[in-house]
Each structure stands twice: as structure tokens, then as C-alpha cells.
Amino acid sequence: MTKLLSPAKSKVLFLGNEAIARGALEAGVSVATGYPGTPSSEVIESLAHVASERNLYVEWSVNEKVALEVAAAASFAGLRSMAVMKQNGVNVASDFLLHLTASGTRGGLVLVSCEDPGALSSVNEGESRYFARMLEMPLLEPSDFQEAKDLTKWAFELSEQIGNVVMLRSVTRMSHASGNVICGKLPVKSRKAHFEYDGSVMDSSRGPMISTPVVAKHLLHQEKLKDIEALFEKSPFNRYVGPGKPELLIITSSACFLYAEEAVEMLGLQKRVGILKLGTTWPLPPKLLEKHLRKTKKILIVEEVLPFLEENVKVLAASLVSRIGINTFYGKYDEMLPSAGELNPDIVAAALCHILKVKRKTLPANYLNDSQKAAALIPVREQTFCAGCPHRASFWNIHNAIALDGRKGFVCGDIGCYSMAALSPATGYHTMPTLHSMGSGTGLASGFAKLAQFGLDQPILTVCGDSTFYHAVIPALINAQHNRADITFIVLDNAGTAMTGFQPHPGLAISAMKEVVPAVDIAAICSAIGAKVAVSDPFDLETTGKILTSFLADKGLLKVLILRQACALSPEKKGKKIFDVKVNESLCLGDACGCNRLCTRVFRCPALTWDRTTKKAVVDEVICAGCGVCVSICPQKAIIKL
Amino acid sequence: MKRTRQKETKNLILTGVGGQGNVMASRTLAGMLVDAGYIVTIGETFGMSQRGGSVMSHLRISPDSVKSPQIPRGEADVIVALEPLEALRVLTVYGNPQVCVLSNARPAYPIGVITGELSYPSGENIQVAFQRLSKAFWIIDATSAALALGNPVLSNIVMIGALAKTGLLPIDRRMFEKEIKKTLAADKCAVNLKAYDAGGGMIK
């Protein structure tokens, strides 16, 4: 039996995302969907593992908007369902979400957004909390692992009570942190799916599910929100810890509660500072806030990333000013805390020291001095493609083709591990100068290609991963073909959604629940829209190089090159070397070779290192994945396959 | 081995380079401690940022409550490193005169070192820094022990075995065996136990 199905009352160590999955199971969820994205992926992954045992339908959808639509259909048919995504996934889903909050839902529908303050594994630190306010959805934020489970379960009940979507927001330090959880009961599910639509248009439980009449439905929704506000007043997920009359009141939510608690404890301020922890952050419960705002004149709001809670508390405080008087607020607006990046106990402690004029105990001066000296010796460890990564070979090919062409071509980038080619330019051999959202590389390339009439004469290339192709590239590609955009579009097909942990996508013949499903072929789609299509293995430098060079010379049309080679970390490849690779020391000329250390200085594989004493290249057998690409790049043929 | 229960929160940082089995090691340790009745909080990040980069798991082992998933600066009690440079990196941020360090000896070179733009500190310099910045430290060749058992990724288990032997955490072999049996097949359990024992044998 998997840990996720542990019996009631058992005490288990859950990843925050597993706790969310368990909460959904305890609520009797039937349908769970999502699109992989760090730090959200483990929610759907863990539910997929127990799908057959718990009679669930779990789907990796093509993108977040479709994921929410699939989950909504289950809700309309009376089942409990959830859609799970990372912060920017909510943007993708938002057009449907706007209309969904207007039509309302039936079976409990929970939207889980796992966000990434500090962009630890993202190229943005976007906030979806503002969607809760903008679209008037109740917002819940767990601040420990038990709450991650319990709030998720409650979210389904709330959703049914209000007949609308409830949003649960987690952050990396909650989703990817782990802690103890006491399990509750797993229910026996008895709901049967049926979609009722014969009722009146204003009857959301029996009528058609549409957003009109817009104003009347909007008013009805706002009335229901008032009921939710009343429930939030009494919620046990909002609690206060601290003295009756604190000198300073901290208002916080999510993982920030743990930082605040730690900072107060570290500075020994338990008798001076109180903490109001909110699990329900929109709409704010006004009476509860009034009760605590009365306690003191100084208030510090601790949250990530933007001042969402701060703004909402201040608006409420302004309307209460005749009763509670004037407070001094500290937070993001006065720059007491940063409005960019993630927080931690040290940042909160520094703010507390400043406001309350206390000092934090420091380490002995000589220790700090030694520590600084040691820190000066430490080289940065830059992100890079793994040993054996097909992307390194792909970008090597792309770079060489662009250089050979000589017109200063460039690659419009996209989202995946290959984003590293832009984040760390030397990793992509300085070929990829743009990077935005999923699918945007192709859209941008389509645009660049139309600038010839204004004098742009550089070849335009773009890349995307196999999962990204289905997620958001297809419309941009059709745009490029239809508008005669001359671009070389390269699919870096590594046989799965590799960056987030090898989740399947529509190109594979397997589903999230391990069922055999029809694979949708990328090459066939590209051919069907009329593009010129070729397929190659990026490890075959000669063939791939020839195709790329001919594509760059072939003007006026859309060219598609699919580079197929599985990720080095994929389950079928991991730990298995294709070749044993070695440097033949008698052939390597080292510094004396005219290559100027092409293999280590330029190629940049973590397994191919430079021995500073012998001044020759050497393969690290522990790190080498045995792809053999370096064998093809050595002009001296000193790197050999055994 | 009989161990007494700790009364205060213990802060352990497990560090290394992406792909060394850092996450597996931290979860194994945490699982053992949860079974022993502790409230354990693990803070970690994984995803693209870890491809070839530094990885770090923060373990808070408390007798009674959930802690912040990020340990404050200067507050580590124990640092376990699968790679020596990463031990030093963590030590200079989270170290204090009372910290104990257990580090693998084998370097994994950052790409900037491979290209020749940066240099990797000498083994001697690393050892001097450990000496100045910790109460006690152990440097063991866990990778060679793991290679001898047929798979370099077992280094993480060698380190757990060594950590148990240092007596810095309330863990023992029986707890380890019970934990890995929950997730691993019998043949894998056997080689993991060998790796655990090899680690213990390296601590004098």
C-alpha cells in the first residue's frame, strides 16, 4: 500500500504536495487534472499512483486551461474535482476561469496553484492571489503540512457551499517541504455523474452552466461570498499566538508564518510580538481582523511576494478607522520587507530588529572573519545541461549552423531545461537571446520573420520541447505557416516532460494512469499544416548539421526539424551508459593543440574535465553518461569510445 | 546502540550537487526520525534550478513542533555534504563554532572550473576551513566506497551510515533497515545496508 493511502490516524511524513493530494482523497475527489510545473507536479503524480485503487480519473492535460475545463466538466456532473498547476499556469487557465466563476460550479471544484516566490524553479515569480480577488474566489493558504491536507479537504466543502471555485495557494517552501501529517478517514464514494441542464438559467444546480445573465449572476455570487466571509470569521485555520496586548502584531499566512514564528523565537520576542496567522486570505474576515487590529498600534505584514495581504488589510483598516484608530503599518509599501524574492526567518528577524530596536546575537568576530575568508575561495556552481543531455548536442549543432551561415541568426527560446541556454548563455553557446512563456518562442519567431520588409536579414530559429509543443506552440506554428514566416523551428524531443519528472504528454502512448492511449505525432501535425519537416538524432552531429545548414539556406518557408533523443535522466536511460568514453592521453595534445581546449572550455560537459597537472582532458567516469558526443567534437580524435 | 532522546530542535543540512541522491537521503533520514517520534520538517528545492547546480535539504528535527523549512543563517548543528565544495558553501552561511561537518572527499567540478574561468580550492584549503569553522569534522571517501559496491549513487547511503556512527543524530542501523524496507526491493535493501555499514566503518 502506498503512503498516500495510510489508514486514518496514522502519522506520516508527507511532502506538502502529497498532503494536498491526501486532503483531496479525504474529500472524496473523483477527477484530478493538471499540467506539470514545478513546484506543483507531485499532487497529480501521487493521485495518479492511487487512481485505480480509489476509482479516480487523473489526467495530465495538454495545458492548464484544458485541465481546468476537464475538472469543471466533472464538477458540472456533480463530482468533486481539482485542477493543479504552477503560478503561471493560472494565467493560462484564466480566460476559462473568468467565465467559470461567472457560471458557477456544482460538485466541489478546487483550483490548486503552487507558486514559486524567488523563482527557484521558474522564470517568473508571478502571483495568482490577485486572481482570487479579481475573480472573487475564496482563497485558502496552508502554513504547515497538516493544514495543507486539512485546508484542501475543507476547500471542497466550501466550493459546494458557495457553488463556485475555491482556490488553494501553496508555495515552493510548502509544496516541496515535508512534515508530519496525521491522516483522516478516506470516504466511501457514492456519487454518480450526471449533467442536469433542464432547470432555469438562474438555477445553478439544475440549469445550464453559462455566465449569463451576467449582472444578475454576479450579484448572486457576491451574496454567497458574504456567507463565506462569515464562515471565515470562525475558521480554526485563522489563529492568534501571542500576548493579549502585543507591542507589534504580525499578520501573515503560508510558509511566512513559520518564518515569522522562527524569527520571534530566535529574538526572544514572544512577550512583545503577537502573530495572527490567516489560513483564509480572501475575502478577509472583517470582525476577526478588527478584533486583532485593536490590540496594538503597530502592525507588520509578512507575505510573499507582492503586498496582497497588506493592501487588503489596509483597505479594511481604513474602513474601520473610526473604531480602531490609526495604525502604523510595516510591510512592503514602506520597504521594511522586500517586494521581490522569497522571504526567510533572517529577513523577518531583520525587520523585527529594526521596528523594535533590538539586536540579534551575532557569531564571534574572528569566526565571521574566517568564514568570509573561506567564502572567498568558493567558485559558483552554475546550472548547466547534465552529462549526456541531448540539449547540449542540439545547441552545439545549432551554434555551428548559425556560425556557418554567417548572418548572425538567433534562436527564440522557450520553457524547459533548454531554457538554460538563455539563462546561462555559454551553455547554449550564445545562441538563445529571448525567453518568455511557454510557446512564446514560436510566436516571437513568427513576428521576427515578418520584419524583412523593415530590413531584418538575420535567419530566425526557435526551439521548443515535446511537451511544450502540445501545450502552447501549435497556434503560433499555424500562425507562422499561414503568414509565410521564414523560420527554422526545432523540436527538442526528449521523450517526456523531462524537467518536471518525466510526466507523459500527448506525444506518448501512455497516460498519467499508465493506460495505453493514442500518441499524437508531432511530425504528422507539422506536415499537415504544410511545413517542410525533417527528423534527426542530435547526437549525430554530421547529419543534424547538414539538415540545419540546408534549412537556413532554404528561404521563404516554415521548416521543422525534430531532434529526437531521450533525456539522460529518463528512467530508460538513467545509470546506463551507451558507450564507455575515455581520453587517449597519448593522442590528446592538451594546451599544445590548436583547438584551444574546445572540449572543456567551449563544449562544457560536467563529465569532461581538465587535468591541471597533465594539462590534458580527462573523462570523469562517475559523472559521464556515455553519450559519446564529445568523441565527435575532438579534432585530434583523442576522445574514444571503448 | 541505545540512544537518548534529544530535547531541543536539531538543525541538519544535507548538501551536494544535483543527481547525487540528496533528496532520497534527506527523506530516508526524516522517515527514520518520524518513526522515532520526532516532528521533522524538511525544506528543499528541486526542479530545473538543480540541474548540475548546488542542492540543499534543511532538516529540522524537533521533539514537539513544525519548524520553518529554511534554517536561519548561522544556526546549523550538523552539515552532511556529498561534495566538499558544497560543504564549504553551506558552512560559510549556516556554520557556527558548534557545528559538526561530515563531508564526502570527492569533488564534482563546477562548469566554471572545467572551463578554466574559476578555480576549485585545494583539499588542504578545504580542510583548514573545516578546522576553523567547525567543532568537529570528518572527511570520508564515500564515492570510492560506493563505486566498490557497484554504483556511485550509493554514496548518499554511505554518508548516512557514517552519520549514524558519529552519534550526532538519534539514529541507528535498525531504524535505517526498517525505513528502506518500506520503499526498496529486497536485493536493493541488501546493497544499501552494505553501503550503510561501509560508511559506519569509515568513522573512527
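The values are calculated or read from the model by the stated rules, or taken from the named source; none is laboratory data. Note that the structure is predicted; figures quoted are calculated from it, not measured. Neighbour counts run over all protein chains shown; Cβ positions are idealised from the backbone, glycine included. Each accessible area value is taken on the protein alone, full model and side chains, heavy atoms only, with ligands, DNA and RNA left out. Shrake-Rupley method; radii C 1.70, N 1.55, O 1.52, S 1.80 Å.
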Item to check | Å² of accessible area per residue within the range A:578-642, as computed with a 1.4 Å probe and no ligands counted | outcome: 50 Å²
Checklist outcome for this item: Under the Karplus relation with 6.51, -1.76 and 1.60 and θ = phi - 60°, whole-Hz ³J(HN,Hα) for the range A:43-55, x at Gly and Pro, equal 5, 5, 4, 6, 5, 4, 5, 10, 4, 6, 4, 9, 6
Checklist entry - Taking a quarter of the surface of the Cα convex hull of the range A:487-568, what do you get in nm²? => result 6.1 nm²
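Give me the compactness ratio for the range A:3-233, meaning the Cα radius of gyration over 2.2 N^0.38 Å. Walk me through the intermediate numbers first.
Values: Rg = 16.5 Å, N = 231, 2.2 N^0.38 = 17.4 Å.
In units of the 2.2 N^0.38 Å rule of thumb, it is 0.95.
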Checklist entry - Label A:Ser52 and B:Gln127 with points 7 Å out from Cα along Cα→Cβ: what is the distance between them in nm? => result 5.6 nm
Next on the checklist: For the range A:390-564, what is the number of Lys pairs with C-alpha distance below 25 angstrom, counting only pairs 8 or more positions apart or on separate chains?
Outcome noted: 13
Checklist entry - Under 12 Å from the 7 Å Cα→Cβ point of A:Arg133, by amide nitrogen: which residues of the range A:273-291? => result A:282-284
Checklist entry - Amide H of A:Val560: which non-local residues (sequence gap of 5 or more, or other chain) have their own amide H closer than 5 Å, using H built in the peptide plane? => result A:Phe489, A:Lys532, A:Val533, A:Ala534
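So if I place +1 on the C-beta of Lys and Arg and -1 on the C-beta of Asp and Glu, and nothing else carries charge, what would the dipole magnitude of the range A:239-356 be about its Cα centre? I want it in debye, nearest 20.
Working: 14 positive and 13 negative charges, 173 e Å.
Charge dipole, the range A:239-356, about its Cα centre: 840 debye, nearest 20.
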Item to check | FRET efficiency, B:Ser65 to A:Ser322 (Cβ-Cβ, R0 45 Å, nearest 0.05) | outcome: 0.70
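Using the Cα centre as the reference, give the magnitude of the dipole from point charges on the C-beta atoms of the protein assembly as shown (Lys, Arg: +1; Asp, Glu: -1; all else neutral), rounded to the nearest 20 debye. The partial results should precede the final answer.
Numbers: 91 positive and 77 negative charges, 391 e Å.
Charge dipole, the protein assembly as shown, about its Cα centre: 1880 debye, nearest 20.
Given a Förster distance of 51 Å, report the FRET efficiency between A:Val241 and A:Phe579 from their Cβ-Cβ distance, rounded to the nearest 0.05. Provide the component values of the computation, followed by the final result.
Working: r = 60 Å, r/R0 = 1.17.
Calculated value: 0.30.
Which whole-number percentage describes the relative contact order of chain A, with Cα contacts under 8 Å and a sequence gap of 6 or more? Could you put the intermediate results ahead of the total?
Details: 1364 pairs, mean separation 65.9, N = 642.
Once divided by the residue count of chain A, the mean separation gives 10 percent.
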Checklist entry - What spacing in nm lies between the two simple spin-label points modelled at A:Leu587 and A:Asp203, each 7 Å away from Cα in the Cβ direction? => result 8.1 nm
Item to check | 5 angstrom amide H check on B:Ala105, placed H, neighbours 5+ away | outcome: B:Ile140, B:Asp141, B:Ala142, B:Thr143
Item to check | Under Karplus coefficients 6.51, -1.76 and 1.60, residue-wise ³J(HN,Hα) of the range A:159-173 in Hz, glycine/proline x | outcome: 4, 5, 5, 8, x, 7, 5, 10, 9, 10, 10, 10, 10, 3, 6
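Tell me, in nm to one decimal, what length is gained between A:Ser550 and A:Leu356 on full extension, where the rule is 0.36 nm per residue of separation less the Cα-Cα distance?
63.0 nm is the gain from fully extending A:Ser550 to A:Leu356.
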Checklist outcome for this item: Among A:Lys86/A:Lys149; A:Lys189/B:Lys178; B:Lys165/B:Lys194; A:Lys615/B:Lys135; A:Lys577/B:Lys165, the pairs whose Cα-Cα distance exceeds 26 Å are A:Lys189/B:Lys178; A:Lys615/B:Lys135; A:Lys577/B:Lys165
Next on the checklist: Quick check: pseudo-label points 7 Å beyond the Cα along Cα→Cβ at A:Gln458 and A:Ile210, how many nm apart are they?
Outcome noted: 4.9 nm
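Explain nothing, just the number: dipole magnitude of the range A:1-159 about its Cα centre with +1 on each Lys and Arg Cβ and -1 on each Asp and Glu Cβ, in debye rounded to the nearest 20.
Details: 13 positive and 19 negative charges, 95 e Å.
It comes to approximately 460 debye.
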Next on the checklist: Within the range B:8-41, list the residues whose amide N lies under 15 Å from a label point set 7 Å along Cα→Cβ of A:Ile182.
Outcome noted: B:37-40
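Given a 1.4 Å probe and no ligands, DNA or RNA in the count, how much accessible surface is buried by A and B, both sides, to the nearest 100 Å²?
Details: alone 28040 and 10300 Å², together 32980 Å².
Chain pair A/B: roughly 5400 Å² of buried accessible area.
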Checklist outcome for this item: Calc'd 3J(HN,Hα), the range B:33-43, phi into Karplus 6.51 cos²θ - 1.76 cosθ + 1.60 (θ = phi - 60°), Hz, glycine/Pro = x, comes to 6, 5, 4, 7, x, 7, 8, 10, 10, 10, x
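Expected output is a single nm value to one decimal: the length gained when fully extending between A:Leu557 and A:Glu572, i.e. 0.36 nm times separation in residues minus the C-alpha distance. What is it? Mind showing how you got there, number by number?
On the way: separation 15, 0.36 × 15 = 5.40 nm, distance 3.66 nm.
Taking 0.36 nm per residue and subtracting the Cα distance, the gain is 1.7 nm.
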Checklist entry - For a label point 7 angstrom out from the Cα of A:Glu233 toward its Cβ, which stretches of the range A:283-304 have the backbone nitrogen within less than 19 Å? => result A:283-295
Checklist entry - Binned at 10 Å from 0, what are the whole-percent values of the Cα-Cα distance distribution for the protein assembly as shown, short to long? => result 2, 12, 20, 24, 21, 14, 5, 1, 0
Checklist outcome for this item: Length gained, A:Leu368-A:Leu451, 0.36 nm per residue minus C-alpha separation, equals 24.3 nm
Next on the checklist: If I take R0 = 56 Å and measure r between the Cβ atoms of B:Asp197 and A:Lys298 in this structure, what FRET efficiency does the formula 1/(1 + (r/R0)^6) give, to the nearest 0.05?
Outcome noted: 0.50
